[in-house]
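The structure under discussion appears below in the form of structure tokens.
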């Protein structure tokens, strides 16, 4: 990494590490062992939620904050220093009034509006999602030709003419939104501009990138001793994107490779804080970078290359 990209981490730490956990399929049963391990090892990360149910008959997508036992577990996590983030209003599309209700519910439950958020693929109110994540005709053409999710602007959260529009609310109430995910443990190396402001996406205050670990296989491919050693030597920053409900616990037992790698990581001199704390520190250290068109094109092409190679959508 260049000197410009290198950040001096607080408390004499060599690097920074955190996780944004998309809430899909999550329940107390399949998540509690993961978070117990994280807490025991000293990791404080970010667990996203759906504040509301949308269809009481459909629970396969995972628990929401309307489940009393799940909510109590979330509040306990928050009391231990974990951040609660936002994964849109619920597990199926929500129009503007429902989104506003969800954000107020979030504030009522957790004491503030969400600091960090990530879109949920299945929701029409996704903000700058699908081809709207991209800003150039070339990159949109590549995206539309390479993904099953190219459905002619399926996502409408940033469209003022849509009943699913809530971009103005997001701009007012949410500090950081996730966009690109890369095949690189050092997220800061893959996206040295973050947190950044993109003038082409006016309904976001700031964006962050992440490192790919959507399920147990890709997470273990990214978080392994060799990569961890490189992250430490580069004095970098890793923001993992994952679904901790996607195979990390089986029959009540943690995946052994995941457990070993996290134990190895915990022994390094890392700064293990929730995502909002990490991003706030980066902003205080170097500000919010205003993305240039050249930088935007570079990020978009890099993300598309990784996405096509992985055949993934996030």
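Each reported figure results from applying straightforward, stated rules to the coordinates on display, with no laboratory input. Keep in mind it's a predicted model, so treat the numbers as computed, not measured. Backbone-built Cβ (ideal geometry, glycine too); neighbour counts: all protein chains shown.
Quick rundown of the values:
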| quantity | calculated |
| --- | --- |
| DSSP-defined beta bridges in the chain - what % are antiparallel, rounded to 5 | 10 percent |
| Potential lengthening between residue 286 and residue 308 on full extension [0.36 nm per residue; Cα-Cα distance subtracted] | 4.7 nm |
| MRE, 222 nm, helices only [DSSP H, n ≥ 4, -39500 (n - 2.57), over the chain, to nearest 500] | -11500 deg cm²/dmol |
| Inter-label distance for residue 6 and residue 28, nm, one decimal - labels placed 7 Å from Cα along Cα-to-Cβ | 4.8 nm |
| Label-point gap, in nm, between residue 264 and residue 146 - each point 7 angstrom along Cα→Cβ | 2.9 nm |
| Contour minus Cα-Cα distance for residue 13 and residue 250 (0.36 nm per residue) | 82.0 nm |
| Length released on extending from residue 100 to residue 69, taking residue separation times 0.36 nm less the Cα-Cα span | 8.8 nm |
| Protection-proxy order for peptides 81-92, 253-264, each taking the mean of Cβ atoms within 10 Å per residue, highest first | 81-92, 253-264 |
| FRET efficiency for residue 205 and residue 78, using Cβ-Cβ distance with R0 set to 30 Å, rounded to 0.05 | 0.85 |
| Gap separating the Cα centres of the range 195-267 and the range 94-138, nearest whole Å | 22 Å |
